[in-house]
Amino acid sequence: MSVTNYYLSKGYTPINKEVVISGPNTIAIWTPVTGNRVILTELNIVANQKGTIVFLMYDPNIGTRVAAFSMGASGTIAPDIGCIEGTMVSGSIYAVTLGNSTEGWRINMTGFEDGAV
């Protein structure tokens with residue numbers, strides 16, 4: 001059984017987060033409801049210009065790196081991540097971008113929030 005099917009069978013509703021990041025920036029993409037943790041099941045990134053994007057969990061200054069991608073030109077990245085389960089209750093997922101300009105990155109994340117750790 002896939003992770004998505006497991007959470008669906010337990011009655012969880014999928015959550016989708018989408019943001020557009022313009023310019024070099026650090027932005028919280030997903031901040032769960034207080035007391036919940038994030039279970040990330042899908043990630044899709046569209047880069048309009050070359051640059052680098054890093055995903056961190058918990059704190060943008062001392063967060064745990066989840067993934068990093070570099071693009072030489074515009075394109076789409078849709079990695080097969082399986083499942084990334086956050087362990088910190090109420091911990092956010094951040095994106096840190098470098099070398100991009102207006103509407104440089106469109107991020108789409110799908111997953112679940114789980115209050116039981």
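Descriptive notes on the structure:
- Residue of G91, G35, G104 that the Gaussian network model of the chain assigns the largest fluctuation, springs spanning Cα pairs under 10 Å: G35
- Relative contact order (percent, whole number), the chain, Cα cutoff 8 Å, 6+ residue spacing: 45
- Choice from P24, P32, P79 with maximal GNM fluctuation in the chain (Cα, 10 Å cutoff): P79
- Long-range HN-HN contacts of G86 with modeled amide H, under 5 Å: V38, I39, L40
- Kirkwood hydrodynamic radius of the chain, Cα pairs, Å: 14.5
Bear in mind that the values in this text are calculations on the coordinates, not laboratory data. Keep in mind it's a predicted model, so treat the numbers as computed, not measured.
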